[in-house]
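Here's the structure we're looking at; comments come further down.
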Amino acid sequence: MSPAPYLLGDDDPELQRLAAQHEVWRAVTEEGWRRAGVADGDNVLDVGCGPGLTTVELARRVGPDGSVTGLEPSERFTYHLEACAAELALENIRVLRGDIADLDDEATFDHIHVRWVLCFLDEPAAAIGRLARALKPGGRLLTLDYFNYHAFALAPRIPAMAAVVRAVFDSWAASGGSLDVQGQTATACEQAGLRVTEIEQVSGITRPGEALFGWPEAFLRGYLPRLVDDGLLPWDTCRDFLEQWDRRKAEPGTFLYLPPLLRVIAEKPAGP
């Protein structure tokens with residue numbers, strides 16, 4: 001259930017991409033916390049927290065009577081989170097360097113937050129089982145991740161996009177992950193003894209000029225060269241895609257159907 005080294009890296013461009021991603025998905029993330037009942041005084045685990053963008057927000061949400069543990073394998077990202085916590089005087093943040101397999105807490109957390117992590121794991125069901133054990137009775141697991149990634153499309157359609165989406169999907173699979181992972185999550189939660197209380201698609205449509213449109217665009221422009229280098233996408237297809245994308249952006253009526261993101265919330269029974 002361990003991830004390979006983070007597929008997208010932990011360099012400065014990725015840190016900047018994560019910061020931009022956090023901003024455009026902030027409202028959806030906070031709504032998930034509200035629906036899961038994250039509140040003052042809670043003890044929360046933030047899994048695969050990266051540089052700690054959500055960890056800091058959670059620490060503010062639970063207040064000084066609560067606590068947040070950021071679990072992250074990247075040394076650079078954990079240093080970043082530790083520095084942010086110190087700078088902001090957030091004493092209710094604990095940083096653990098490692099992954100889910102290293103987690104030895106039992107019935108510790110009121111809530112566990114898992115955003116864009118399961119898609120990188122080779123055994124997401126085993127990870128959910130481990131996280132279920134770390135929840136207190138009555139605690140909730142909140143996940144946000146992809147399902148049916150192949151639905152990602154620009155409209156009016158451009159011929160090269162299907163090949164690009166397929167190459168991204170195959171790249172994830174080659175690393176051991178899956179961009180369809182949320183199709184397994186609800187079943188894995190129930191098998192782990194959790195009760196699924198919510199499954200909801202939270203992504204939709206965006207148009208050129210909107211902040212959300214720039215989120216997948218920045219990812220694609222940064223990731224396409226890797227797909228070419230890895231032999232998953234021919235260079236001429238990459239070139240054609242970027243040319244077609246730029247033409248569509250300038251046309252009235254163009255919109256982007258985002259990769260479907262599902263929020264799944266599951267609760268650990270409080271007892272008999």
message: Looking at 195, 207 in this structure, which one is out of contact with any Gly (no Cβ under 8 Å at 6 or more places or on another chain), charged (D, E, K, R) and more than 27 Å from residue 132 (Cα to Cα)?
response: 207
- prompt: Inside the stretch 133-171, can you point out the residues that are basic (Lys, Arg), within 28 Å of residue 196 (Cβ to Cβ) and either free of Cβ contacts under 8 Å to residues at least 24 places away in the same chain or surrounded by 20 or more Cβ atoms within 10 Å (Cβ to Cβ) (or both)?
  reply: 140
- prompt: Counting only residues that are part of a loop (DSSP other than H, G, I, E, B) and under 17 Å from residue 58 (Cβ atoms), how many does the stretch 104-130 have?
  reply: 4
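Quick one: in the stretch 224-233, of everything that is in contact (Cβ under 8 Å) with a residue 12 or more places away in the chain and farther than 19 Å from residue 248 by Cβ, which residue is surrounded by the most Cβ atoms within 10 Å (Cβ to Cβ)? Steps first, answer last, please.
At the first step, the residues of the stretch 224-233 found to be in contact (Cβ under 8 Å) with a residue 12 or more places away in the chain are 224-227, 230, 232-233.
Next, from what is left, pick out any that are farther than 19 Å from residue 248 by Cβ: 225-227, 230, 232.
On the way: 225: 12, 226: 16, 227: 22, 230: 12, 232: 18.
So the residue we want is 227.
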- prompt: Checking residue 82 against (1) surrounded by fewer than 18 Cβ atoms within 10 Å (Cβ to Cβ); (2) among the charged types (D, E, K, R); (3) touching a strand residue (DSSP E or B) at 6+ places or on another chain (Cβ under 6 Å); (4) within 19 Å of residue 186 (Cβ to Cβ), which test does it fail?
  reply: (4)
- request: Evaluate the following for residue 218: is it crowded, with 17+ Cβ neighbours inside 10 Å, of a type outside the set (Ser, Thr, Tyr), touching a residue at least 60 places away in the same chain (Cβ under 8 Å) and within 30 Å of residue 141 (Cβ to Cβ)?
  value: no
query: Scanning the stretch 17-50 for residues that are buried (at least 18 other Cβ atoms within 10 Å of the Cβ) and of a type in the set (Val, Ile, Thr), which turns out farthest from residue 133 (Cα to Cα)?
result: 29
message: Just to be sure before I move on: is residue 122 closer than 30 Å to residue 247 by Cβ and surrounded by fewer than 18 Cβ atoms within 10 Å (Cβ to Cβ) in the structure I sent?
response: no
Filter result for residue 89 (surrounded by fewer than 22 Cβ atoms within 10 Å (Cβ to Cβ) and part of a loop (DSSP other than H, G, I, E, B)): yes
message: Filter the stretch 156-181 down to the residues that are in contact with a Cys (Cβ under 8 Å, 6 or more places away or on another chain) and in a helix (DSSP H, G or I) and list them by number.
response: 164, 172
task: Just one of (1) closer than 17 Å to residue 119 by Cα; (2) part of a helix (DSSP H, G or I); (3) of a type in the set (S, T, N, Q) trips up residue 237, so point out which.
output: (1)
- request: May I ask you to list the residues in the stretch 172-213 that are of a type in the set (Gly, Ala, Ser), under 18 Å from residue 21 (Cβ atoms), out of contact with any Pro (no Cβ under 7 Å at 6 or more places or on another chain) and crowded, with 16+ Cβ neighbours inside 10 Å?
  value: 177
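Coordinate-derived values only; no laboratory data. On a predicted model such as this, the values are computed, not experimentally measured, just so you know. Positions of Cβ are generated from backbone atoms using ideal geometry, with glycine treated the same way; all protein chains shown enter the neighbour counts.
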